[in-house]
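Trainee: Sending over a structure as structure tokens; questions will come in a sec.
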Amino acid sequence: MMGDLESPLAAVDEATGDGSLFARLDEASRRAVEAQVEWVRIAGGGTLFRQGDAGDSLYVVIRGRLQAIVEVPGRAPEEIGEISRGEIVGEMAVLTGDPRSATIRAVRDSALVRFSKQAFEKIAESNPNAMLAVTRRIIRRLQQRNLSTTPPVRVATVAVLALDEDDGHVAIAAELQRALQPMGRTRELTSAWIDRELAGRTDDERASWLDDQERRHDYLLYVGDRGPSAWTSRCVRQADRILLVARADAAPDPARIAARLAAFGLPRDGIRTELVLVQPADRQTPQGTERWLAATGLQAHHHVRRGCQPDGERLARFLTGRAVGLVLGGGGARGFAHIGVIRALREAGVPIDAIGGTSMGAVIAAQYAMGCDETALRTLNRRTWIDANPLNDKTLPVVALLACRRLDRMVTDMFGDLEIADLWLPYFCISTDLTHAAVRVHDRGAVGRAVRASMSLPGMAIPIRDGNALLVDGGVLNNVPADVMKKRCGGKVIAVDVTPEKDLAVSGPYPEAASGWRFLLNRKRVEMPSILAIMMRTVMLSSAHYRGRVSRDIDLLVAPQIARFGMFEWHRLDEIAQAGHDAARPALARWLGSGST
């Protein structure tokens, strides 16, 4: 293990594995270089150097991991890569004489060997192979950056911390360890185990041991103490991801939470921190999540029922980039096909970890996110769309064809005062901001209001007012928002598009002009779609054009054959759901059989 008395050059030889920097140095040159190098230790979250600093030295990483961040005025800092054991950092500025091109920050407690510019020049004079080795590393790094502008998120160490005085974080860590084992070598670390097994070791020796454990395992779970401590602080410094665990049935105390986070050293720049709310096993619907998010200042959260294995597995998939997101497109009654697709996913053993959609897809997605299974989806939609018939509320079409009183009652019947944050699954839906000509993503606030905006077909339903903006059906701009899901889910995206490529075709008599009064009086029978069908099809046209733009974000597209069903044939719910099931089963079989999952 590395100690303060260990030769820095020997440590570099061991870390790089080939000693290429010093292969031809004679003993005198080696001693001269050794006199100009030094150990550098940096705590997790600390900064090695900043963009724009003078490039007066380069470093070799002996232990830990660093990340490179580029800062551009007017934009959020962008992570462009990671540097781990045996890699060189800072060499570009040393070779060119230019200022540092990126800020280098420690992802976890790290140890490096620093070479001054003079020391490196001495190596290069005695050993041209050293210059060649450094040049090759630069070329490889530039090639990797050109091939992928966004480096993959790598989560190898997870800190699981208690946000309250309960020990729920211990149970969550145990559940995570069980769920992660099939995905890779996993180990759980606690202060009690470290103190018992590593008694008498120096702090530096313990750090080296932890670094070795990371190399030996795919995932390390750092389980913090019940409160702030030296070990809990180390957990924070070592983490790629931080989970703050709290009992959901307790009331959050903002002042106490703020003090606790400060004692933990949070927030940590560049490290994602998420809230895990442990729900009672018998809880029907989460409650009060917005208060927890406000008290912690966090955005991402997970609901995990105590002792519920599927919830723990879902959390593990999110941490490892394996979560499955389901996106449901709009299409009126044809959206009932989503119910059949959900059934097919369950039968195939494909989890739904996050869900979102547009218009009718937003409705079904919200129902599923609040806990409805296939039977409940059929029952709820039969009662609200067929029995209550919310479209039987026509009025003088000055603003819209519908007065929307029944539509609003239906939304209240479905969702009540439920908040999006209180849904079991991460959820979003899409509406169109008419005022600003932009897509609006709804992932916080009242479920009913978000859904109502997402399905407010222009001309049929009254737009929803949001401040000074008017919101209408999301299908106007993005009917199958797979791109939104890809950014949020981070794993596989399954999209369901219920918009036929061809629709509303006519083959019979078609008038040059049409009198609405004569149609109402049945004095003239011609083959002509209704105004509602025309408006719906017009809005849904964006799906066909937008699909090509978001196809790169879709891992599996399910497109049921539902052109034979009318967009307002709500009474055909069971047939339409069956069509979705019939389309999804073979599509899932091919996808799963291809190994692309």
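Trainee: Give the residues of the stretch 165-204 that are touching a strand residue (DSSP E or B) at 6+ places or on another chain (Cβ under 8 Å), part of a loop (DSSP other than H, G, I, E, B) and more than 22 Å from Arg314 (Cβ to Cβ), sorted by residue number.
Mentor: Thr190
Trainee: Can I ask one more? Could you please tell me which pairs satisfy a Cβ distance under 6 Å, a separation of 6+ or placement on different chains, a first residue in the stretch 320-334 that is on the phi > 0 side of the Ramachandran plot, and a second residue that is among the small types (Gly, Ala, Ser)?
Mentor: Gly321/Gly490; Gly321/Gly491
Trainee: Then there's this: Return the only residue of Leu457, Leu401, Leu418 being touching a residue at least 12 places away in the same chain (Cβ under 8 Å), open to solvent by 10 Å² or more (accessible area, probe 1.4 Å) and more than 30 Å from Arg314 (Cα to Cα). Break it down stepwise before answering.
Mentor: Working: Leu457 fails: open to solvent by 10 Å² or more (accessible area, probe 1.4 Å); Leu418 fails: more than 30 Å from Arg314 (Cα to Cα).
Matching residue, one of Leu457, Leu401, Leu418: Leu401.
Trainee: Going through the stretch 36-59 one residue at a time, which ones are closer than 21 Å to Ala124 by Cα and open to solvent by 40 Å² or more (accessible area, probe 1.4 Å)? Walk me through it before giving the result.
Mentor: First, the residues of the stretch 36-59 that are closer than 21 Å to Ala124 by Cα: 36-39, 54-59.
Result: Gln36, Glu38, Trp39, Ala54, Asp56.
Trainee: Tell me yes or no: at least one residue of the stretch 136-157 is closer than 18 Å to Leu315 by Cβ, open to solvent by less than 30 Å² (accessible area, probe 1.4 Å), small (Gly, Ala, Ser) and at pLDDT 95 or above. Steps first, answer last, please.
Mentor: Start the filter on the stretch 136-157 by keeping residues that are closer than 18 Å to Leu315 by Cβ, which leaves 153-157.
After this cut, where a residue has to be open to solvent by less than 30 Å² (accessible area, probe 1.4 Å) as well, the list is 155-157.
Pick out the ones that are also small (Gly, Ala, Ser) and you get 156.
In the following step, the residues that additionally are at pLDDT 95 or above were identified as none.
No, the stretch 136-157 contains no residue that is closer than 18 Å to Leu315 by Cβ, open to solvent by less than 30 Å² (accessible area, probe 1.4 Å), small (Gly, Ala, Ser) and at pLDDT 95 or above.
Trainee: Can you find even one residue in the stretch 430-442 that is crowded, with 24+ Cβ neighbours inside 10 Å, within 24 Å of the chain's Cα centre (by Cα) and either over 29 Å from His581 (Cα atoms) or modelled with pLDDT under 90 (or both)?
Mentor: Yes, the stretch 430-442 contains a residue that is crowded, with 24+ Cβ neighbours inside 10 Å, within 24 Å of the chain's Cα centre (by Cα) and either over 29 Å from His581 (Cα atoms) or modelled with pLDDT under 90 (or both).
Trainee: On the basis of being closer than 28 Å to Ile172 by Cβ and assigned to a loop (DSSP other than H, G, I, E, B), does Arg322 make the cut?
Mentor: On the way: closer than 28 Å to Ile172 by Cβ: yes; assigned to a loop (DSSP other than H, G, I, E, B): yes.
So Arg322 passes the test.
Trainee: While we're here: Residues in the stretch 251-271 that are out of contact with any Asp or Glu (no Cβ under 8 Å at 6 or more places or on another chain) and under 18 Å from Ser233 (Cα atoms): how many?
Mentor: At the first step, the residues of the stretch 251-271 found to be out of contact with any Asp or Glu (no Cβ under 8 Å at 6 or more places or on another chain) are 251-269.
Narrowing further to those that are under 18 Å from Ser233 (Cα atoms): 256-269.
Within the stretch 251-271, residues that are out of contact with any Asp or Glu (no Cβ under 8 Å at 6 or more places or on another chain) and under 18 Å from Ser233 (Cα atoms) number 14.
Trainee: Could I ask something else about it? Take Glu214 and tell me if it is in a helix (DSSP H, G or I) and of a type outside the set (Ser, Thr, Tyr). Talk me through it step by step, then tell me what you get.
Mentor: Working: in a helix (DSSP H, G or I): yes; of a type outside the set (Ser, Thr, Tyr): yes.
Spelling it out, Glu214 is indeed in a helix (DSSP H, G or I) and of a type outside the set (Ser, Thr, Tyr).
Trainee: Within the stretch 469-481, take every residue that is open to solvent by 10 Å² or more (accessible area, probe 1.4 Å) and at pLDDT 90 or above and give me the one that is farthest from the chain's Cα centre (by Cα).
Mentor: Leu470
Trainee: For Asn129, work out the one condition from (1) open to solvent by 40 Å² or more (accessible area, probe 1.4 Å); (2) within 23 Å of the chain's Cα centre (by Cα); (3) modelled with pLDDT under 85 it doesn't fulfil.
Mentor: (2)
Trainee: Among the numbered conditions (1) farther than 19 Å from Val484 by Cα; (2) under 18 Å from the mean Cα position of the chain (by Cα); (3) in contact (Cβ under 8 Å) with a residue 40 or more places away in the chain; (4) open to solvent by 10 Å² or more (accessible area, probe 1.4 Å), tell me where Glu290 comes up short.
Mentor: (2)
Trainee: With Asp269, Asp282 as the choices, which residue is part of a loop (DSSP other than H, G, I, E, B), more than 23 Å from the chain's Cα centre (by Cα) and on the phi < 0 side of the Ramachandran plot?
Mentor: Numbers: Asp269 fails: more than 23 Å from the chain's Cα centre (by Cα).
Selected residue: Asp282, the only one of Asp269, Asp282 that is part of a loop (DSSP other than H, G, I, E, B), more than 23 Å from the chain's Cα centre (by Cα) and on the phi < 0 side of the Ramachandran plot.
The values are calculated or read from the model by the stated rules, or taken from the named source; none is laboratory data. Only a predicted model underlies this, so the values are computations on that prediction, with no experimental measurement involved. Reconstructed Cβ throughout: ideal geometry from the backbone, glycine too, with neighbour counts over all protein chains shown. Side chains included, ligands, DNA and RNA excluded: accessible areas come from the protein's heavy atoms. Shrake-Rupley method; radii C 1.70, N 1.55, O 1.52, S 1.80 Å.
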